[in-house]
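**Q** The following block contains the structure, expressed as structure tokens.
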Amino acid sequence: MSDREQFNRHLVHPWADLPSLGEDETTPVVVRGEGVYIYDEDGHRMIDGPAGMWCMQTGYGRREIADAVAEQIMDLGYSSAFSVINQRETELAARIAAATPGDLNRIFFTTGGSTAVDSALRLCQLANNIKGAPRRKHILTRDRAYHGSTFLAASVTGKERDKTAMDLLQGHVHFLTAPCRYAFPQELDENEFCDFLVRELEDKILELGPENVMCFIAEPVLGSGGVIVPPADYNRRCWEVVKKYGIVYIADEVVTAFGRLGHWFASEAVYGVVPDIITFAKGLTSGYVPMGGFAVSDRFMAEITGDAAGGNIYSNGYTWSAHPVSCAAALASWDIIEREGLLQHVREVGPYFQSRLRSLADSPLVADVRGTGLMAAVEMRLDTSARGAELLAQDYALGELVDHYCHRFGLLVRPLINVCIMSPPLIITREQIDDMVSALRQALALAEADCAGGLG
Ligand SMILES: Cc1ncc(COP(=O)(O)O)c(C=O)c1O
């Protein structure tokens, strides 16, 4: 059986389309990666537009990471964080603590981003129970936020189309307006829109009663929701409101950390926010092996440890928490980012990337181009009167069509429905950015010609 036949016979992938399960004919089978490029089974080379899933920071084929992983496997291929301490986790935790803002000096390692979010929320719940505030249960989040796929992380995710028939935590989760002016029905300028959003947050806190609100969780830039860059000062002003009422601020930096916005963490460096908790994953290991975690402030922990703990334990963790092999990969990736000056590189190349992508806005198929750093979205839309399910079907068809042509021109996109996520490996050069934009431009032109006859 071919790989595709085996795939169709045996596999379920994330976000599987159930009506067509087992009938995939288009998803590329990939076999190899090198730098910013990924190769399919026919040897066809493509720039990896979304860097895997926002995670291949240092690019494919890094011998240094492979060696670090191999060496670690031979030295100590596993250790249980339930019972022992490994030297790689202590080294990595110290580095992360030094790179996080404020007094976020305590690190908990998980297996990825969902488990990082889950673990952080469960720590907040525990903290309130310990502190004698068990009614502080309400979680504030935003429409179009993505926080993961475990039950709790999915429950605070605001992507409407993903909820379908999934069961989720109800009652304690509140969705605020996505900070996306482009999709907002009213005509407001950026300041007015920001005022509206901040007021909405404060009103919701007052409506619920501040003493009942546990936390506000926010990606500094919403990633999987379509790369939504909030109005300037939105993050900082939300943080001020949340602080005023003694509510925990969780910055979900699963996408924005480790260089994507030109800094180890974006919260303070880019947005002037010092969260109580930062969740991270993805770029931590450059995607080579799974790992995530959160950093929490000393102040937060001081209130629930020692004499204040009331004898409680943080009964949350994973067989693969602080896995030494993952830590070794993370340390090697970190060394590369430092040695090659990739944070600075992103700060230099990011504006070029953004301005080149914006040149695509003249395509009739492009509804919006947005982004910051090495995070961007090219949203496509047919000029159509379709609404609801019909519009969704059209969006999917358009996304697939452009994806198909991008593939031909050497760019892997895999759109989120009708949104091309562009977040290449941090090592991308200006010439490679030009290649990305050129491939997308050609793909859009062919798609446009096809669409002239209507999308079937
Ligand atoms: C902001 C954010 N949080 C959490 C997650 C979940 O991470 P993972 O897929 O590693 O569980 C993601 C994944 O895309 C994400 O973008």
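**Q** May I ask you to derive the FRET efficiency for Arg4 and Ala269 from their Cβ-Cβ distance with R0 = 56 Å, giving the value to the nearest 0.05?
**A** 0.80
**Q** How large, in percent, is the carbon and sulfur part of the accessible surface of the stretch 329-400 at a probe radius of 1.4 Å?
**A** 50
**Q** Can you flag which of Lys159/Lys282; Lys159/Lys204; Lys204/Lys282; Lys137/Lys282; Lys244/Lys282 are past 30 Å Cα-Cα?
**A** Checking Cα-Cα distances, Lys204/Lys282; Lys244/Lys282 exceed 30 Å.
**Q** Indicate, rounded to the nearest 5 percent, the antiparallel portion of the DSSP beta bridges found entirely in the chain.
**A** Numbers: 29 of 45 bridges.
If we restrict to bridges inside the chain, about 65 percent are antiparallel.
**Q** Are there chymotrypsin sites (Phe, Trp or Tyr not before Pro) in the stretch 62-143 that DSSP puts in a loop and that have at most 12 other Cβ atoms within 10 Å, and which ones?
**A** Tyr78, Phe82
**Q** Note down the accessible area of Leu360, probe 1.4 Å, to the nearest 10 Å².
**A** Looks like 0 Å² after rounding.
**Q** Quickly estimate the mean residue ellipticity at 222 nm for the chain, helices only: each DSSP H run with n ≥ 4 gives -39500 (n - 2.57), and the total goes over all residues, rounded to 500.
**A** The helix-only estimate for the chain comes to -12500 deg cm²/dmol at 222 nm.
**Q** Now, a different point. Over what distance in Å are the Cα centres of the stretch 138-197 and the stretch 2-48 separated?
**A** 31
**Q** Separation of the stretch 199-278 and the stretch 53-118 by C-alpha centroid, Å?
**A** Cα centres, the stretch 199-278 to the stretch 53-118: 24 Å.
**Q** Here is a follow-up. If amide hydrogens are placed 1.01 Å from N in the peptide plane, which non-local residues have theirs closer than 5 Å to the one on Arg106?
**A** Here the answer is Val296, Asp298, since their amide H atoms fall under 5 Å of that of Arg106.
**Q** Applying a 10 Å radius around every beta-carbon, put 208-218, 416-426, 379-389 in order of their mean neighbour count, most first.
**A** The peptides rank, most packed first, as 416-426, 208-218, 379-389.
**Q** So, with +1 on the Cβ of K and R and -1 on the Cβ of D and E, and no other charges, what is the size of the charge dipole of the chain about its Cα centre, to the nearest 20 debye?
**A** Computed charge dipole of the chain: roughly 880 debye.
**Q** Below 8 Å, C-alpha to C-alpha, sequence gap of six or more: please give me the relative contact order for the stretch 65-339 in percent.
**A** It rounds to 31 percent for the stretch 65-339.
**Q** Sticking with this one: Show the residues, 5+ positions off or on another chain, whose built amide H is closer than 5 Å to the amide H of Arg32.
**A** Close amide H contacts, sequence-distant or interchain: Tyr39.
**Q** Related question: Roll a 1.4 Å probe over the protein chains and send me the accessible area per residue for the stretch 65-339 in Å².
**A** Per residue, the stretch 65-339 has an accessible area of 41 Å².
**Q** On to the next question. Contour minus end-to-end for Ser83 and Glu190, with contour as 0.36 nm per residue of separation and end-to-end as the Cα-Cα distance?
**A** 33.4 nm
**Q** Additional query: Taking amide H positions as placed 1.01 Å from N in the peptide plane, with prolines and chain starts having none, which residues 5 or more places from Leu176, or on another chain, fall under 5 Å of its amide H?
**A** The list, which skips near neighbours in sequence, is Thr141, Arg142, Asp143.
**Q** Also, quick follow-up: Would you mind calculating the gained length between Ala309 and Glu23 on full extension (0.36 nm times residue separation, minus the Cα-Cα distance), in nm to one decimal? Could you put the intermediate results ahead of the total?
**A** Values: separation 286, 0.36 × 286 = 102.96 nm, distance 5.37 nm.
Here the segment from Ala309 to Glu23 would lengthen by 97.6 nm.
**Q** Can I ask one more? For the chain, just say rounded, prolate or oblate: build the C-alpha gyration tensor, square-root its eigenvalues into a ≥ b ≥ c, call rounded for a/c under 1.5, and beyond that prolate if a/b exceeds b/c, oblate if not. Each step should come with its number before you reach the end.
**A** Details: a/c = 1.66, a/b = 1.23, b/c = 1.34.
Oblate, because a/c is 1.5 or more while a/b does not exceed b/c.
**Q** At 1.4 Å probe size, with no ligands or nucleic acids counted, give the accessible surface of Lys244 in Å², nearest ten.
**A** 130
**Q** Also: Rank Met375, Cys420, Leu392 by how far each Cα sits towards the positive end of the charge dipole of the stretch 364-439 (+1 on Lys, Arg Cβ; -1 on Asp, Glu Cβ) and give me just the farthest.
**A** The residue sitting farthest along the positive end of the dipole is Met375.
The values are calculated or read from the model by the stated rules, or taken from the named source; none is laboratory data. Please read these numbers as outputs of a predicted model, since none were measured by experiment. With ideal geometry, Cβ positions are generated from the backbone for all residues, glycine too; neighbour counts draw on all protein chains shown. Surface areas here come from the heavy atoms of the whole protein model, side chains and all, with no ligands, DNA or RNA. Shrake-Rupley method; radii C 1.70, N 1.55, O 1.52, S 1.80 Å.
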